[in-house]
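First comes the structure, then the notes that go with it.
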Amino acid sequence: MPEMNIIQAVNDCLKVEMRRDSRVVVLGEDVGRFGGVFRATVGLQEEFGPDRCIDTPLAENGIVGCAIGMALYGLRPVAEIQFADYVYPAYDQIVNELAKMRYRSGGEYQAPVVIRMPAGGGIKGGHYHSQSPETIFIHTPGLKVVYPSNPADTKGLLAAAIRGDDPVIFMEPKRHYRTARGEVPEGEYLVPLGKAAVLHEAAGRSARSVTILAWGAMVHTALEAVEKGIGQGYDIELIDLRTLLPFDIETIVASVKKTGRAIVVHEAPRTCGFGAELAASIQERALLHLEAPILRVTGFDTPFPYALEMEYLPNRERILDAIERVTNG
Amino acid sequence: MKFELIRVLDDAGCVLHPEWEPAIPAVELRHILQTMVQNSLLDEKLMRFQRQGRIGFYLTAWGEEATLVGPLWALRPSDWIFSCYREAGAALHRGYPLRTLLCQLYCNAEDPVRGRQLPVHHTARELNFVSVSSVVGTQIPHAVGMAMAAKLSGRDDVSLVYFGDGATSTGDFHVSCNIAAVRKAPCLFFCRNNGWAISTPRSVQTATPTLAQKAVAYGMPAVLVDGNDVLALAHVTAGAAARARRGEGPTLIEALTYRRGAHTSSDDPTAYRDPDEPREWECRDPIRRFRAYLEGKGLWNADEERAFVQRCEQEFAALVAEVESLPSKSPLATMFDDVYAERPWHLDEQFVELDREVRRHRA
């Protein structure tokens, strides 16, 4: 099995899917000749031509709007938004058109568009290259939202998103685009949407057991905390959600019932962040199994800062502090 | 920047430009007039139905009937129509059943949209008439994308996208013109310039003398056409469609017409518009002009119209009786269907919760 980083996994997936299905087209700013500012689409225009790997004018509402029209006609467009921070001009198209097409047409029309976007901070990008807007899409009925953390999942989930009949917001952890490496299956590879992955299992319930829920780049930060926490005698279960909507409630609740404690880690601002939804969903199903309040380790309710970005982002120490608090030290 | 106003008929229905008169077969000419007359009749009845509380919302195309059917003559059934909310008549002309149209307006159990949208938000997949949004201008890039997809698929289908003068101020319009021109998308941008965007007159919408001239900045040809002249609309659309099918790209068509009625049933134009203005447009009534043209050719007469109107009235009355006897709403579960291709666990859960509540409070 070849080793790849996340960029290579995206590229490999797009090549495999475009070879497999002539309906798959890629469109976005700089995706063609240049291969994308992060180089995720390198070689696609060369292999599939400028009509299947389309350099668009600079207009996100146009990219998503055209992708919707293509999908209505039967194509499988994969649109790239250069940074998640630039998705807002397309917000109306995504929320009012893409997400509602099947519903508002009584099921007559569908628009299976995948919108890829690099998201998250930690790259010295300032607030226009660092945001994590997953919550606004999770809050939009009709969209599925995927946020992988590693190369193999990226390939498998992206392929599943392309082959599915629903629109998918596909967020990629750009901070780990090149640093997260791993073995990726060759050829066609699918990871089903809606299934979380348990990256580290806890032995069982004890005074020091806890479940950590994370996705995207925060999985890597949580892994650092797991490593150190285990050394300190904690029993930690780490769940990578992978798909945020529909999220894998069964795996999450089973884990919390087992450990008795939960911590949600995300980069996005805290208030009304996805952590709030997870905490609510867990307590509705497992309140009497909980030994402690569910804690959130998140970004803050400020715009994403530039010079203080490492202070803004959740890190190993903040996660370890949360572990200490839920287990009473 | 001057655009000549393309007209084939004068206000009396006499042919001004025989060289532009499209060769439309007699049966189709009659069909065009019939759709226009039927649409106008439906508008009158259905606006009254809205006032009576039988349907929740309505809007008319009074005075704009030519724009509903004129552009369709040049299209094939495989060409796609992206409309806004005032062009149900275009779907009717393509064969959208009146019964289905009424079910949509009643939002009842047989509404193809399953009661999920306001009235006048039709969808007709089998006619390539795409689901309507209330949001102004958002359908324009969809038409461009569909046209790009057709070209990429090696087929010569074109898209026709309807929008109003207000939509030319939206970002979606400008972005769409730009992308379509760059990609040479076989897309016909059809602007129904009816002079008013709710209460905002055309003069407040843009500083340019025409809307057509906006195409110039995108490297796209444009035509300015009399929107109350069916034959002129058929003529210019045929040219634009042929051009698109030859791979030469999009065209912007500005059709000058006038919104004689209110914006919608929720609007009152007496609050912002000189009541004499609509009257000035009555002499350019598209139905009267086209009827005179057909009568001149011996293809239509007053007796035929009386008989046609009577048939429409009878059909309408019979269908209303039937439609009003249908269940008024789709079953509860349909609220949760079609959000996704398959209903995910959280919607299953929410349905069960609501269903239980509804049953408990009913008991």
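The values are calculated or read from the model by the stated rules, or taken from the named source; none is laboratory data. What you see is a predicted model, and the numbers here were worked out from it, not measured in a lab. Every residue, glycine among them, receives a Cβ derived from its backbone with ideal geometry; neighbour counts consider all protein chains shown.
A few remarks follow.
- Yes/no for B:ILE179 being within 14 Å of chain A (Cβ to nearest Cβ) and either at pLDDT 95 or above or within 21 Å of the chain's Cα centre (by Cα) (or both): yes
- Of all residue pairs spaced 6 or more apart or on separate chains, none has beta-carbon atoms under 9 Å together with a first member in the range B:215-235 that is touching a residue at least 12 places away in the same chain (Cβ under 8 Å) and not assigned by TED's automatic domain parsing to the domain that holds B:GLY249 and a second member that is part of a strand (DSSP E or B) and surrounded by 21 or more Cβ atoms within 10 Å (Cβ to Cβ).
- If you go through the range B:92-112 and keep only what is assigned to a loop (DSSP other than H, G, I, E, B) and not acidic (Asp, Glu), you end up with B:GLY95, B:TYR96, B:PRO97, B:CYS107, B:ASN108, B:ALA109, B:PRO112.
- Looking across the range A:279-329 at every residue that is farther than 25 Å from A:PRO133 by Cα and crowded, with 20+ Cβ neighbours inside 10 Å, the one that is farthest from the chain's Cα centre (by Cα) is identified as A:THR327.
- Close pairs (7 angstrom Cβ cut-off, 6 or more residues apart or separate chains): at the interface with another protein chain (Cβ under 7 Å from one of its Cβ atoms) and under 24 Å from B:CYS84 (Cα atoms) in the range B:140-158, of a type in the set (Phe, Trp, Tyr) and in a helix (DSSP H, G or I) anywhere: B:MET146/A:TYR73; B:ALA149/A:TYR73; B:ALA150/A:TYR73
- Exactly one residue out of A:ALA59, A:ALA40 is over 20 Å from A:PRO141 (Cα atoms), away from every other protein chain (no Cβ under 12 Å) and surrounded by 18 or more Cβ atoms within 10 Å (Cβ to Cβ): that is A:ALA40.
- Near pairs, Cβ below 9 angstrom, 6+ apart or cross-chain, from the range A:95-108 (more than 7 Å from chain B (Cβ to nearest Cβ)) to any residue that is part of a helix (DSSP H, G or I) and hydrophobic (A, V, I, L, M, F, W, C): A:VAL95/A:ILE136; A:VAL95/A:PHE137; A:LEU98/A:VAL64; A:LEU98/A:ALA67; A:LEU98/A:ILE68; A:LEU98/A:ALA71; A:LEU98/A:ALA90; A:ALA99/A:PHE137
- Residues of the range A:109-130 that are within 14 Å of chain B (Cβ to nearest Cβ), assigned to a loop (DSSP other than H, G, I, E, B) and not polar (S, T, N, Q): A:TYR109, A:ALA111, A:PRO112, A:VAL113.
- Qualifying residue in the range A:214-223 (condition: β-branched (Val, Ile, Thr) and not assigned by TED's automatic domain parsing to the domain that holds A:SER130): yes
Condition check ((1) in a helix (DSSP H, G or I); (2) within 14 Å of another protein chain (Cβ to nearest Cβ)) across all residues:
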position: A:SER132; (1), (2): no, no
position: A:THR140; (1), (2): no, yes
position: A:THR154; (1), (2): yes, no
position: A:ARG175; (1), (2): yes, no
position: A:PRO185; (1), (2): no, no
position: A:VAL191; (1), (2): no, no
position: A:VAL198; (1), (2): no, no
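- Lone unmet requirement of (1) over 24 Å from A:ALA254 (Cα atoms); (2) without any contact (Cβ under 8 Å) to a residue 24 or more places away in the chain for A:ARG163: (2)
- Pick from the range A:77-92, criterion assigned to a helix (DSSP H, G or I) and out of contact with any Pro (no Cβ under 7 Å at 6 or more places or on another chain), ranking: farthest from the other protein chains (Cβ to nearest Cβ): A:ASP85
- One residue from B:LEU118, B:LEU127 being touching a Lys or Arg at 6+ places or on another chain (Cβ under 7 Å) and either surrounded by fewer than 23 Cβ atoms within 10 Å (Cβ to Cβ) or under 21 Å from B:SER328 (Cβ atoms) (or both): B:LEU127
- For the range A:1-76, the helices (runs of 4 or more DSSP H) that sit wholly inside it and include 1 or more residues that are of a type outside the set (Gly, Ala, Ser) and in contact (Cβ under 8 Å) with a residue 60 or more places away in the chain are A:6-20.
- Selection from the range B:264-286 of residues that are surrounded by fewer than 20 Cβ atoms within 10 Å (Cβ to Cβ) and under 16 Å from the mean Cα position of the chain (by Cα): B:THR264
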